[in-house]
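What follows is calculated from the coordinates using simple rules that are stated; it is not laboratory data. Computed from a prediction, not measured in an experiment: that's the story for all the values here. Cβ atoms come from the backbone with ideal geometry, glycine included; neighbour counts cover every protein chain shown.
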C-alpha cells in the first residue's frame, strides 16, 4: 500500500483557513465581515451577533485587559475580536497562520480611524511564535481559535507564550469542551469527517477543561478564572503565564 503524503495526515490549519477566507464571501453574501456568521447560538452563548460581541467585550475584555497594555491576539480570523481589542488597548499584535485572515482583519480595522496605526500583523507558521519579539506584549487573547486546535498544538502554544509576554502576562484562552452537552453534540456531528488519522483544520478539536488544567498546572500558569457557563459548549480561562 502506498504511504499517504504528509499533507494527507496532518492538520493543515493554514490551508484550511486560507480556503475559508477565499470562499467566505460566496458562502455569506449578506454579511459585512468574516466571523459575523458565528454568533454564539450553537455554543449557547447568545442569540444575535450584537449580543455575542457584547458578551465577549463585557466578560472577557473589559475585566481582564488594561487599556494601557499591548495585546497579542493569536488567531484573529476576520477581525471581530481584534476590532474589540483595538479600541481597548494601547497596541495590538494580530497573529494568524492564514495570510488571508490577516488581510481581512487589516481591512476591517482600517474602517475605523486610528486602529491600524496601533496594530501590527504577524504571519505565524503554526508551530512557533517567530516574528514576535521577546516580551512584546502584556497580554494574550485567543478566542474562537483554540476550539479548532489539537491538544498537542495548544500545549505547544502554552510553552511559547511566556517568552513573548511581560508585565502581568495575562492570558484569555477559549477552547472546546467535548464533555459538555453541546460540545459532545458538536463531536457527534464532526467525528465521521476526521477518522483514519485525518482532520480538516476547520473541525473542532477533542479537548476538555481537565486536559487544559493539567497543561496549565504543569507549565506553571496561575489560573484566575475557569468559566464553563458564559459559553456553555466550551471553556474560557483567564490566567497568568509564568515568567519567560
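Helix-only mean residue ellipticity at 222 nm, the chain, DSSP H runs n ≥ 4 weighted -39,500 (n - 2.57), per residue, nearest 500. What is it? Before the final figure, lay out the partial values.
On the way: 7 runs with 77 residues, N = 244.
That calculation yields -9500 deg cm²/dmol at 222 nm.
Order these by the 10 Å Cβ neighbour count, fewest first: 208, 105, 159.
On the way: 208 17, 105 30, 159 11.
Ranked by crowding around the Cβ, least crowded first: 159, 208, 105.
Just to be sure I understand the curve: with the Debye formula and one point per C-alpha of region 25-117, what is log10 I(q)/I(0) at q = 0.17 Å⁻¹?
Once normalised to I(0) and log-transformed, intensities are -0.76.
So, R0 is 30 Å and r is the distance between the beta-carbons of residue 62 and residue 198; what FRET efficiency does that work out to, to 0.05?
Between residue 62 and residue 198 the formula returns 0.15.
What number, in percent, do you get for the relative contact order of the chain if the mean sequence gap of Cα pairs under 8 Å and at least 6 apart is divided by its residue count?
Values: 465 pairs, mean separation 49.2, N = 244.
With pairs under 8 Å counted, the relative contact order is 20 percent.
Relative to 2.2 N^0.38 Å, what does the C-alpha radius of gyration of region 6-240 come to as a ratio? Two decimals please. Each step should come with its number before you reach the end.
On the way: Rg = 16.6 Å, N = 235, 2.2 N^0.38 = 17.5 Å.
Dividing the Cα radius of gyration by 2.2 N^0.38 Å gives 0.95.
If I model region 113-244 as equal point scatterers sitting on the Cα atoms and use the Debye formula, what is log10 I(q)/I(0) at q = 0.09, 0.10, 0.14, 0.22 Å⁻¹?
-0.29, -0.35, -0.68, -1.34
Which FRET efficiency value, to the nearest 0.05, do you get for residue 210 and residue 163 by plugging their Cβ-Cβ distance into 1/(1 + (r/R0)^6) with R0 = 30 Å?
Numbers: r = 26 Å, r/R0 = 0.88.
Efficiency computed from Cβ-Cβ geometry: 0.70.
Sorting 202, 181 on the 10 Å Cβ count, fewest up front, what's the list?
181, 202
What percent antiparallel are the DSSP beta bridges of region 6-240, to the nearest 5? Let's see the in-between values first.
Values: 12 of 30 bridges.
Around 40 percent of the beta bridges assigned by DSSP in region 6-240 are antiparallel ones.
So, in nm, how far is label residue 90 from label residue 153 when the simple model puts each one 7 Å beyond its Cα toward the Cβ?
3.2 nm
When 90, 182 are ordered from fewest to most other Cβ atoms inside 10 Å of their Cβ, what list results? Walk me through the numbers on the way to the answer.
Working: 90 12, 182 17.
Starting with the residue having the fewest Cβ neighbours, the order is 90, 182.
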